[in-house]
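Engineer: Below are the structure tokens for one structure; questions will follow.
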Amino acid sequence: MALDAERIVTNVLKVAALPAVAIKFSEAIKNPLTSNQDLEKIVSEDSALAAKVLMISNSALFNFPSKIDTISKAITIIGHKQLSEIILSCSIVAMFKDIPQNVIDMDMFWRHSIAVATAARILAAARREQNIEKYFTSGLLHDIGKLIIFVEAPKYALEIITRCAETNELMHKVEKTVLGFDHAKLGAMLLKKWKLPDEVVSSVFYHHMPSVSSGDIVSPGIIHIADIISHSLEFGSSGEKFVPTLNEKAWSALDLDVDILSSVIEQLNVQHSEAVKFILG
Ligand SMILES: [Fe+2]
Ligand SMILES: [Fe+2]
């Protein structure tokens, strides 16, 4: 029986509902009347998360001169939007932790995803984009469709890996041949069902073909370039053997000077290890 993308995503949803704390927190920060005490209550419902939030606020990433010992102080230091991004990231990483190591190296997979997330946030900041947290989220989740294939269609996943090794083609192209759709489409479908922002959904959908996007080319373009940078510098691995081909239209649309790349790489080196520490623990 042929595989059906919709059915696969529906199956994933049965076992991978977005944790209540992540949904509650992101909804709460949208309300201007929400206080730090309200947010503290939400975070404190999950003791492992509360401990993580304290650890992150005391990390070198925030470089705060004195020890942060309450969740309320941590919320002030980290900031609402960034904390929401951290909660979402940690929840999603925890959700896929049971994939067997012989199928895909999950540590390497998340190191790649965290590099794309971090590079995307740096590129967005260089372009003075608003709300740069959503670029981090899009980068972190850009290849989540690959995990869906591993979980829901492991037989096909092995066929895809074997074919990639034989033909030296990129994974998303082989996925289209074998499944009729690729990981970008599957990932975007799941994120839409999780009600993530439309811009995150379309950045994930178009990360291999940003110039095909009928709307905004910049957001998927940032993820596309961040993916290429992360592959080139070999931060982790998403199972791909080759660096994806640069989409020149996307690079021009970003309107960034090529000289900026050395500063992006310098910041990425520092921020990647910090982000790995707090997301992967
Ligand atoms: Fe991808
Ligand atoms: Fe990737």
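Engineer: Check segment 72-88 and report whether any residue there is closer than 21 Å to Ser273 by Cα and within 16 Å of ligand 1 (Cβ to nearest atom).
Structural biologist: Checked segment 72-88: no residue is closer than 21 Å to Ser273 by Cα and within 16 Å of ligand 1 (Cβ to nearest atom).
Engineer: Of the residues Leu61, Leu33, Leu54, only one is aliphatic (A, V, I, L, M), open to solvent by 50 Å² or more (accessible area, probe 1.4 Å) and modelled with pLDDT of 85 or more; which?
Structural biologist: Leu33
Engineer: Evaluate the following for Glu199: is it touching a helix residue (DSSP H, G or I) at 6+ places or on another chain (Cβ under 9 Å), more than 23 Å from Asn168 (Cα to Cα) and either touching a residue at least 60 places away in the same chain (Cβ under 8 Å) or within 16 Å of ligand 2 (Cβ to nearest atom) (or both)?
Structural biologist: yes
Engineer: Any idea how many residues of segment 221-231 are open to solvent by 20 Å² or more (accessible area, probe 1.4 Å) and farther than 14 Å from Trp251 by Cβ?
Structural biologist: Result for segment 221-231: 1.
Engineer: While we're here: For a quick check of your reading of the model, give me the residue pairs whose first member lies in segment 146-162 and is touching a residue at least 40 places away in the same chain (Cβ under 8 Å) and more than 18 Å from Phe96 (Cα to Cα), whose second is part of a helix (DSSP H, G or I) and more than 16 Å from ligand 2 (Cβ to nearest atom), with beta-carbon atoms closer than 7 Å and at least 6 apart or on different chains.
Structural biologist: Tyr156/Val178; Tyr156/Leu179
Engineer: Let me ask something else about it. Go through (1) away from ligand 1 (no atom under 14 Å from the Cβ); (2) under 28 Å from Ser57 (Cβ atoms); (3) touching a residue at least 60 places away in the same chain (Cβ under 8 Å); (4) under 16 Å from the mean Cα position of the chain (by Cα) and name the single condition Ala226 misses.
Structural biologist: Status for Ala226: all satisfied but (1).
Engineer: Looking only at segment 230-275, count every residue that is under 25 Å from Val103 (Cα atoms) and within 16 Å of ligand 2 (Cβ to nearest atom) and tell me the total.
Structural biologist: Within segment 230-275, residues that are under 25 Å from Val103 (Cα atoms) and within 16 Å of ligand 2 (Cβ to nearest atom) number 17.
Engineer: Select from segment 191-220 the residues that are hydrophobic (A, V, I, L, M, F, W, C), within 13 Å of the chain's Cα centre (by Cα) and within 16 Å of ligand 1 (Cβ to nearest atom) and write down the one among them that is surrounded by the fewest Cβ atoms within 10 Å (Cβ to Cβ).
Structural biologist: Of segment 191-220, the ones hydrophobic (A, V, I, L, M, F, W, C) are 191, 194, 196, 200-201, 204-205, 209, 212, 217-218.
After this cut, where a residue has to be within 13 Å of the chain's Cα centre (by Cα) as well, the list is 191, 196, 200-201, 204-205.
The next check asks that each one be within 16 Å of ligand 1 (Cβ to nearest atom); those that pass are 191, 200-201, 204-205.
Working: Leu191: 27, Val200: 24, Val201: 21, Val204: 31, Phe205: 24.
The qualifying residue surrounded by the fewest Cβ atoms within 10 Å (Cβ to Cβ) is Val201.
Engineer: Determine, yes or no, whether Glu133 is open to solvent by less than 60 Å² (accessible area, probe 1.4 Å), more than 16 Å from ligand 2 (Cβ to nearest atom), closer than 20 Å to Ile229 by Cα and in contact with a helix residue (DSSP H, G or I) (Cβ under 9 Å, 6 or more places away or on another chain). Outline the logic, then answer.
Structural biologist: Values: open to solvent by less than 60 Å² (accessible area, probe 1.4 Å): yes; more than 16 Å from ligand 2 (Cβ to nearest atom): yes; closer than 20 Å to Ile229 by Cα: yes; in contact with a helix residue (DSSP H, G or I) (Cβ under 9 Å, 6 or more places away or on another chain): yes.
Yes: the conditions hold for Glu133.
Engineer: Can Ser57 be described as among the hydroxyl-bearing types (Ser, Thr, Tyr), free of Cβ contacts under 8 Å to residues at least 24 places away in the same chain and in contact with a helix residue (DSSP H, G or I) (Cβ under 8 Å, 6 or more places away or on another chain)?
Structural biologist: yes
Engineer: Need a quick list: helices (runs of 4 or more DSSP H) entirely within segment 1-97 having at least 3 residues that are on the phi < 0 side of the Ramachandran plot and among the hydroxyl-bearing types (Ser, Thr, Tyr).
Structural biologist: Details: elements: 5-15, 20-30, 36-44, 47-57, 71-78, 80-95.
Ranges flagged: 80-95.
Engineer: Next up: For the subset of segment 235-281 comprising residues that are more than 18 Å from Thr118 (Cβ to Cβ) and outside any loop (DSSP other than H, G, I, E, B), which member is least open to solvent (accessible area, probe 1.4 Å)?
Structural biologist: Looking at residues that are more than 18 Å from Thr118 (Cβ to Cβ) and outside any loop (DSSP other than H, G, I, E, B), I get Ala250.
Engineer: With respect to Ile149, is the statement that it is over 27 Å from Asn269 (Cβ atoms), surrounded by fewer than 21 Cβ atoms within 10 Å (Cβ to Cβ) and touching a helix residue (DSSP H, G or I) at 6+ places or on another chain (Cβ under 7 Å) true?
Structural biologist: No: the conditions fail for Ile149.
Engineer: Do we have any residue at all in segment 73-89 that's in contact with a Ser or Thr (Cβ under 9 Å, 6 or more places away or on another chain), of a type in the set (Asp, Glu) and at pLDDT below 90?
Structural biologist: yes
The values are calculated or read from the model by the stated rules, or taken from the named source; none is laboratory data. From a predicted model like this one, the values you see are computed outputs, not experimental measurements. Don't worry about glycine lacking a Cβ; one is built from the backbone with ideal geometry, like all the others, and counts go over all protein chains shown. All accessible areas refer to the heavy atoms of the entire protein, side chains included, with ligands and DNA or RNA removed. Shrake-Rupley method; radii C 1.70, N 1.55, O 1.52, S 1.80 Å.
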